[in-house]
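The values are calculated or read from the model by the stated rules, or taken from the named source; none is laboratory data. Since we're looking at a predicted model, the values are computed, not measured. Cβ placement follows ideal geometry from the backbone for every residue including glycine, while neighbour counts extend to all protein chains displayed.
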């Protein structure tokens, strides 16, 4: 699989008309070389891959990294420039949205003979389509979600604190092999449900509320991301109306996914339905985002998206309605674009669920 990924990166070298591309982002390093450490760089040319790191990672790199050559440097800048000068590279592309400006400035100053070419859009889709090995890890991460939620579900009762639920959920994921939580879990109940990023607080759950739980883990470097909203006993007709609206918008958007479909149009399927039901002012974020080695990566599904669905793409579908003073609902699944539509990677059903109080 690494061979295919490197081949795609080499094509980018040709397309961007540079002698080499400098990769610094850790997700791209892992994707292209297999390196799971926390510092290093890769240089990709039309014919070779070079991996550079300091002495902390040399042993790890020699057992883990797939590259034509592994080099050790004392200073990263010096190592990159020495390699470039040895091969007489005159044009080097770099991840413009990753490399800090101060570092870029040093490259320009000390490597003045080199044309440093900022690349953003050109690199965006590099990890956009997942291979079989990546999908296996994404499926496993999603399965951990399902198992962990089932374990802690009895804790979702009036009297429990949001932060305690989040903690137990994280422990349940770790116990099953999750490497790290994917992000700070959202557990938002009652009026706090109107906060799309309502990270778990000390608020105590109450009967008659909705509670939104947004969580995920990392497994083999790949992430899960999923959101459910539960009813704590009977809820008001207004809250049930909101839930039903979000669920139908979610289902309609998933049904609209197929190769070649504009992600902007898929977003519009959910957004227009929510607006037609009178809740358009309460859905303020995009429909979804890519998922893989990062929790948020290419592509995005939003009113501003310029991407189209491609077979092998993985992204979330997560419409929501958030009404200040009342509460909110978000329902999220992660999907894989297939040859004739899509399949859900996440495993947990999203039907309306009333928990006992």
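Quick rundown of the values:
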quantity	calculated
Selected residue [within 17 Å of the chain's Cα centre (by Cα) and modelled with pLDDT of 95 or more] from 335, 348, 323	335
From 220, 198, 177, residue being in the same structural domain as residue 350 (by TED's automatic domain parsing), surrounded by fewer than 24 Cβ atoms within 10 Å (Cβ to Cβ) and out of contact with any strand residue (DSSP E or B) (no Cβ under 8 Å at 6 or more places or on another chain)	220
Unmet criterion (only one of (1) within 30 Å of residue 310 (Cβ to Cβ); (2) surrounded by fewer than 20 Cβ atoms within 10 Å (Cβ to Cβ); (3) touching a residue at least 40 places away in the same chain (Cβ under 8 Å)) for residue 136	(3)
Members of the stretch 248-264 that are assigned to a helix (DSSP H, G or I), in contact with a strand residue (DSSP E or B) (Cβ under 8 Å, 6 or more places away or on another chain) and over 14 Å from residue 341 (Cβ atoms)	250, 263, 264
Filter result (farther than 21 Å from residue 15 by Cβ and either in a loop (DSSP other than H, G, I, E, B) or out of contact with any helix residue (DSSP H, G or I) (no Cβ under 8 Å at 6 or more places or on another chain) (or both)) within the stretch 89-105	100, 101, 102, 104, 105
Index of the failed condition, residue 231 passing every other in (1) more than 24 Å from residue 135 (Cα to Cα); (2) within 27 Å of the chain's Cα centre (by Cα); (3) part of a strand (DSSP E or B)	(2)
Condition met for residue 158 (outside any helix (DSSP H, G or I), touching a strand residue (DSSP E or B) at 6+ places or on another chain (Cβ under 9 Å) and within 26 Å of residue 292 (Cβ to Cβ))	no
Check on residue 169, more than 30 Å from residue 193 (Cα to Cα) and assigned by TED's automatic domain parsing to the domain that holds residue 214	no
Among residues of the stretch 110-153, those that are assigned to a helix (DSSP H, G or I), modelled with pLDDT under 95 and out of contact with any helix residue (DSSP H, G or I) (no Cβ under 8 Å at 6 or more places or on another chain), counted	2
Residues located in the stretch 234-263, provided they are under 20 Å from the mean Cα position of the chain (by Cα) and crowded, with 17+ Cβ neighbours inside 10 Å	250, 253, 254, 257, 263
Residues that are more than 12 Å from residue 21 (Cβ to Cβ), crowded, with 19+ Cβ neighbours inside 10 Å and within 20 Å of the chain's Cα centre (by Cα), drawn from the stretch 76-127	127
Residue count, the stretch 264-288 (criterion: within 18 Å of the chain's Cα centre (by Cα) and buried (at least 22 other Cβ atoms within 10 Å of the Cβ))	3
Qualifying residue in the stretch 48-55 (condition: in a helix (DSSP H, G or I) and surrounded by fewer than 22 Cβ atoms within 10 Å (Cβ to Cβ))	no
Total residues in the stretch 328-357, condition in contact (Cβ under 8 Å) with a residue 12 or more places away in the chain and in a strand (DSSP E or B)	13
Wholly within the stretch 265-327, strands (runs of 3 or more DSSP E) carrying at least 3 residues that are in the same structural domain as residue 244 (by TED's automatic domain parsing) and under 26 Å from residue 339 (Cβ atoms)	288-290, 297-301, 314-317
